[in-house]
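Here, each number is a calculation from the coordinates, and none is a lab measurement. All values derive from a computational prediction rather than experimental measurement. Cβ coordinates were reconstructed from backbone atoms using ideal geometry, including for glycine residues, and neighbour counts include every protein chain displayed.
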């Protein structure tokens with residue numbers, strides 16, 4: 001147990017201009033015209049209304065495609081890191097081994113069983129961007145369906161993803177679970193063998209942070225929480241830093 005493990009949340013990317021996960025304009029806060037975020041960000045929606053799902057999903061990618069990493073991402077680029085963020089900024093900052101435990105906006109996988117091991121690949125959304133300038137939303141929907149190899153079902157006359165053929169965004173949805181595609185076993189090993197766990201910019205509202213806390217408490221691993229308004233936890237082996245992610249990383253770099 002010699003390594004310091006960092007687990008990051010939306011607070012790290014917020015300083016790059018990325019809306020926080022559940023903030024007013026958060027990635028999972030803003031829904032569509034007809035559905036709430038809790039309905040949109042599901043495997044069920046992808047299966048039953050793939051055009052609506054892809055339109056909503058692509059809007060999130062489009063809003064983040066030009067966002068740049070900040071000082072915190074670069075400072076963390078050579079650290080042992082698990083992030084809940086799906087913006088890919090840690091990869092852009094140069095971290096080649098970090099675990100994006102909830103996936104990445106810029107990656108796709110083949111639609112299949114959740115447990116089927118896959119290698120996520122670059123979505124290459126550039127060929128879709130031209131449709132965002134057109135006021136006819138139908139063209140964008142059609143382009144997204146074509147891109148993701150989703151065709152009409154001959155019986156129901158509705159667009160239906162086909163397992164083993166259609167493409168799905170590489171993002172863990174509300175009705176999905178952690179699998180090896182999200183490197184969950186590797187993440188668990190990092191937690192179990194960490195000498196210390198540092199949580200930066202997370203609200204502890206996501207399952208992976210609860211798993212990490214349970215492991216830390218079980219092993220009496222010291223933890224640190226970095227947040228301007230940190231949540232107080234019932235654990236003695238803990239240190240709080242009431243700082244933004246950037247200020248903490250600047251402090252650590254001195």
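Dimensions of the chain along the principal axes, based on C-alpha atoms and rounded to the nearest Å, stand at 60, 35, 30, largest first. The angle between the Cα long axis of helix 137-147 and the longest principal axis of the Cα atoms of the chain comes to about 80 degrees, rounded to the nearest 10. In plain terms, if you count all Cα to Cα distances in segment 185-254 and split them into 5 Å steps from zero, the share in each step is 3, 16, 27, 25, 19, 9, 1 percent. Relative contact order for the chain: 24 percent, from Cα pairs under 8 Å spaced at least 6 residues apart, divided by residue count. Protection proxy ranking for 208-219, 190-201, using the average of other Cβ atoms within 10 Å per residue and placing the highest first: 190-201, 208-219.
Entry note, the chain: the mean residue ellipticity at 222 nm calculated from DSSP H runs of n ≥ 4, each adding -39500 (n - 2.57), is -9000 deg cm²/dmol after division by the residues and rounding to the nearest 500.
The angle between the Cα long axis of helix 207-219 and the main principal axis of the chain comes to about 30°, on a 0 to 90 degree scale. A simple spin-label model places pseudo-atoms 7 Å from Cα toward Cβ; at residue 62 and residue 185 they are separated by 4.0 nm. Ranked by the mean number of other Cβ atoms within 10 Å of their residues, highest first, the peptides 60-67, 7-14, 122-129 come out as 7-14, 60-67, 122-129. Between the Cα long axis of helix 50-64 and the first principal axis of the chain there is an angle of about 50°, rounded to the nearest 10. Pairwise alpha-carbon distances in segment 66-139 exceed 22 Å for 39% of all pairs. Compared with the alpha-carbon gap, the fully stretched path from residue 127 to residue 242 is longer by 37.1 nm at 0.36 nm per residue. Take the Cα of residue 219, step 7 Å toward its Cβ, do the same at residue 154, and the gap between the two points is 5.5 nm.
Comparing mean-square fluctuations of 136, 175, 112 from a GNM of the chain with C-alpha springs under 10 Å, the top value falls on 136.
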